[in-house]
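Worksheet for the structure shown next.
The values are calculated or read from the model by the stated rules, or taken from the named source; none is laboratory data. From a predicted model like this one, the values you see are computed outputs, not experimental measurements. Ideal geometry is used to build each Cβ from the backbone, glycine not excepted, and the neighbour counts take in all protein chains shown.
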Amino acid sequence: MADLSRIERSVFIRAPRARVWRAITNVAEFSAWFRVVAEGEFAPGARVRMTSTHPGCEGIVFFIEIADVEPERTFSWRWHPGAQQPPEDEPQTLVEFHLTEEDGGTRVTVIESGFEQISLARRAAAFEDNTKGWEFQLNALDGYVGREV
Amino acid sequence: MKSSAAALFAALGDETRLRIVVRLAEGAPLSISRLVDGTTLTRQAITKHLHVLEGARLIRGARQGRERLWELNPRRLAEARRALDRIANEWDARLLRLKETLEEKD
C-alpha cells in the first residue's frame, strides 16, 4: 500500500550541482521558480516570510522555518501546509531537498513528510478550492515536458 | 469536509491502524480475533483502534452470525490518496519550473 504519510518526488536537471544549489538556496532565484517573494535569509533556524505570486494565490503570506542547510547536498524547512493562518500549536511538515550528481547533471529529490499530522486536513481543504486550477496547469505541463520520476 | 479530512489522516497516522488497514486491504473482511492474531496487542487495544478507523469511515463493521466482521471502505482510502496526490502534483510542477529555469538559461 502506498505510504500516506510522505511524498517523494524527483527531477533530473541538466546543470551542475553548484548551479542547482544556488537556484534553490539563493532567495531571489528561489522566489522566481517557487513563485513567491521571500524576505529573509535561508539560514538554519531562520523564519522566512513568503508572499505568493502564484496565479490565483497572489498576496497570500506564509512562513517557512529553515531546518538544515548542508551546502550542495541538503536544504530543508518546516512549514504549515496550506494558505490560512494555522493554529499556534499545529504540527508542521518537513520539506527536504536532496541534491546528487548524476551523469550530465543533477538529481533533485524533494521529500515532504509528516502528513499523518492534522495539518493535512487544512491543506486538503485548501486544495479542494484550487483543484480545477491545478488540474488545468498540470495538464498543460504534462503536454510540454514528460513527467520525470 | 475539513474535520472529516482531519479525522481521516489522524486515523491513518498510527502504525497499528495502518497495519489493520493494510490487512483489510488484502480483501476479505476479518473478525477481531483474526486481527488480534499475529500481534502483541490485546483485544481491547485492537477494538479501540477499530473504532478510530470506523469513526474516520475507513472501515465498517458488519454483523455475521455472532461475530462482527470488519471490512475496508475503499472509497475513503482513495480520498486520502487523492489529497496526497494533489500535493505531490504541486511538487512536480515546482520541480519542472526549476528544471526549465536552469536548462534554459545555462
Exercise. If a residue has to be more than 7 Å from chain A (Cβ to nearest Cβ) and touching a residue at least 12 places away in the same chain (Cβ under 8 Å) to count, how many in the stretch B:75-103 make the cut?
Worked result: 3
Problem set entry | Odd one out for A:S52, checked against (1) modelled with pLDDT of 75 or more; (2) away from every other protein chain (no Cβ under 13 Å); (3) more than 19 Å from A:T25 (Cβ to Cβ) | (2)
Exercise. Given the conditions (1) surrounded by fewer than 13 Cβ atoms within 10 Å (Cβ to Cβ); (2) farther than 21 Å from A:E101 by Cα, which single one is not true for A:P71?
Worked result: (2)
For this session: Considering every residue within the stretch B:55-63, establish whether at least one is within 27 Å of A:F115 (Cα to Cα) and part of a helix (DSSP H, G or I).
Result: yes
Problem set entry | Residue ID - surrounded by the most Cβ atoms within 10 Å (Cβ to Cβ), chosen from residues in the stretch A:74-95 that are modelled with pLDDT of 95 or more and of a type in the set (S, T, Y) | A:S76
For this session: Report, by residue number, each residue of the stretch A:45-59 that is more than 18 Å from B:R97 (Cβ to Cβ) and surrounded by 12 or more Cβ atoms within 10 Å (Cβ to Cβ).
Result: A:A46, A:V48, A:R49
Exercise. What are the residues in the stretch B:52-66 that are out of contact with any Phe, Trp or Tyr (no Cβ under 9 Å at 6 or more places or on another chain) and surrounded by 13 or more Cβ atoms within 10 Å (Cβ to Cβ), if any?
Worked result: B:V52, B:G55, B:R57, B:L58
